[in-house]
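Here the structure comes first, spelled out in structure tokens, and everything after it is commentary.
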Amino acid sequence: MAKIQKKLEQHPVAKLFPAPDAAALDALRKRIFHAGKLKHPVVLFEGKVIEHWPEYCACLEFDLPYTVTEYDGTAEELVEHLLKTNSVQLGKAHRALIGAYLKKFYRTQSRANQSAGGSGQTFIPKYHAREAAAEKMKISSRLIAEAEYILNAENDNLIGLTLNGTLSISKAAKLAKERPYVLDTLAGLTDEALSQFLPTLNTNKLQSEDRLREEYETEVRKIKAIYKDKRQILNHDMHLRLSLADTDEEKAQLQEELATKRRNITELQNIRLEQLRLRYEKKRASILKANAKIIRTLRKACQAEVVSSTLEEEAQYLVYMRWDYELGKLTLQAAWDKIQRFDEKAKIYTLKSGRQVLAETEVITITHTAEIAKATTNAINRKKFCSGQKVLRPDSYIPRVFGRVGAKFMEKVNKMANANLKKEIENG
């Protein structure tokens, strides 16, 4: 073991295993910070970290010393070792990518068997690398084949999107096969899409941190003002009592009493301010966590939307306009649902709910993901875009319904006006 300080990288195979969740990582960071060192050395293979990566990152963050040791087994033995020591459950994507990595080592054994069989040693069984990897990871050989395309692309962003569930294995493999040039610009395309969809979020939730800060500062000023008034009242009372004191000893007692009461008031003020600060920090942490979850969910949806658009896949979700009748009111709302089928001749979408939507008059947009469809629908309804003629076409079915409702209203208005005019003539 040797003490080193150069920056290390994580080994590619280690990236295929799931990392601990945020709570476990936070507890790990605190434990290492308090200990001031690592309990176990960082394990390297081929000069890259294969074990204790979170601990190594914590040492870099807190500028703590660490030691390393080299793994002395083969690459195949390394994967077996990581599978045994892994404590986090492997998902389908993890198992497929690890199986694709194992396939490379099994292929060498398969070729050796083929060579031995060709030399007359027919007793050696046939060895299929893909089937062996699939059996080892308890997953289908088709997913192993698709995962191999993902690994061969050697793109950490694509592997990350597959492992976190943003992209399915088949979609990621298709992207690696058919649109490899998109991988370099995928992050930029996602950021661009995210900036377009961010306005569709509920800005009240995203801006609640600023409002919480303003409320906290207002409350702080209020508490300070209250205790400032108390000090002024105390000082005024004490000055009056001091002016009536007869002896120096009595004045000294009053001054000591004043100092004690001022300290008590200051302590009470500090206690209230600290209680307020703790409540603020707790609420702020909750808001930051909720906001981060909103952004993270939308980012994953944008990534899936960008990839689906790039692959020119058929969109599955429809955002459309719908009349809702509730409590005697007829309102126009945006809604979304999954597309069941589309009639080219009639230009009508049939949705999963069974509802039929006219393509030329009632459709607002079509998306690839449910998250983007939901966010768009919420934004339209929140901004009340489906009112008046903002998103309606002049020849659509919806304005005609709106016109009929308006005509009936005008008929009632005319009847009431005629009745009033008739009364005035009779009284006049």
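The values are calculated or read from the model by the stated rules, or taken from the named source; none is laboratory data. The structure presented is a predicted model; accordingly, all values stated were derived computationally and were not measured. Quick reminder, even Gly has a Cβ in these numbers, built from the backbone with ideal geometry, and neighbours come from all protein chains shown. Protein only, heavy atoms only, side chains kept; ligands, DNA and RNA dropped before computing areas. Shrake-Rupley method; radii C 1.70, N 1.55, O 1.52, S 1.80 Å.
Structure notes:
- Criterion violated by L90 - all others in (1) within 21 Å of A172 (Cα to Cα); (2) at pLDDT below 85; (3) not small (G, A, S) satisfied: (2)
- Picking from residues in the stretch 287-309 that are of a type in the set (G, A, S) and surrounded by 12 or more Cβ atoms within 10 Å (Cβ to Cβ), the one that is nearest to D210 (Cα to Cα) is A290.
- Residue within the stretch 98-115 that is of a type in the set (D, E, K, R), open to solvent by 70 Å² or more (accessible area, probe 1.4 Å), over 30 Å from the mean Cα position of the chain (by Cα) and more than 19 Å from E131 (Cα to Cα) present: no
- Among all residues of the stretch 267-277, there is at least one that is among the acidic types (D, E), over 27 Å from the mean Cα position of the chain (by Cα), within 30 Å of A23 (Cβ to Cβ) and open to solvent by 50 Å² or more (accessible area, probe 1.4 Å).
- Any hit, the stretch 309-318, residues being at pLDDT below 85, in a helix (DSSP H, G or I) and within 26 Å of the chain's Cα centre (by Cα): yes
- Residue check for E250: open to solvent by 70 Å² or more (accessible area, probe 1.4 Å), of a type outside the set (F, W, Y) and within 26 Å of the chain's Cα centre (by Cα): no
- Residue tally, condition surrounded by 14 or more Cβ atoms within 10 Å (Cβ to Cβ), outside any strand (DSSP E or B) and of a type in the set (D, E), over the stretch 334-365: 1
- Total residues in the stretch 20-47, condition open to solvent by 70 Å² or more (accessible area, probe 1.4 Å) and touching a residue at least 24 places away in the same chain (Cβ under 8 Å): 4
- Residue check, Q255 in a helix (DSSP H, G or I), under 29 Å from E215 (Cβ atoms) and at pLDDT 85 or above: no
- Annotation note: Cβ proximity below 8 Å between a residue of the stretch 286-298 that is under 20 Å from A373 (Cα atoms) and a residue that is at pLDDT 75 or above and surrounded by 11 or more Cβ atoms within 10 Å (Cβ to Cβ) (sequence gap 6+ or interchain) occurs for T297/E371; L298/E371; L298/A375.
- Selected residue (criterion: least open to solvent (accessible area, probe 1.4 Å)) from residues of the stretch 116-151 that are hydrophobic (A, V, I, L, M, F, W, C) and at pLDDT below 80: A116
- Qualifying positions in the stretch 70-87 - open to solvent by 50 Å² or more (accessible area, probe 1.4 Å) and among the β-branched types (V, I, T): T74, T85
This table checks each residue for (1) at pLDDT below 80; (2) of a type outside the set (A, V, I, L, M); (3) more than 32 Å from the chain's Cα centre (by Cα); (4) more than 30 Å from Q303 (Cβ to Cβ).
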position: A335; (1), (2), (3), (4): no, no, no, no
position: I339; (1), (2), (3), (4): no, no, no, no
position: A346; (1), (2), (3), (4): no, no, yes, yes
position: R355; (1), (2), (3), (4): no, yes, no, no
position: E362; (1), (2), (3), (4): no, yes, no, no
position: T365; (1), (2), (3), (4): no, yes, no, no
position: F402; (1), (2), (3), (4): yes, yes, yes, yes
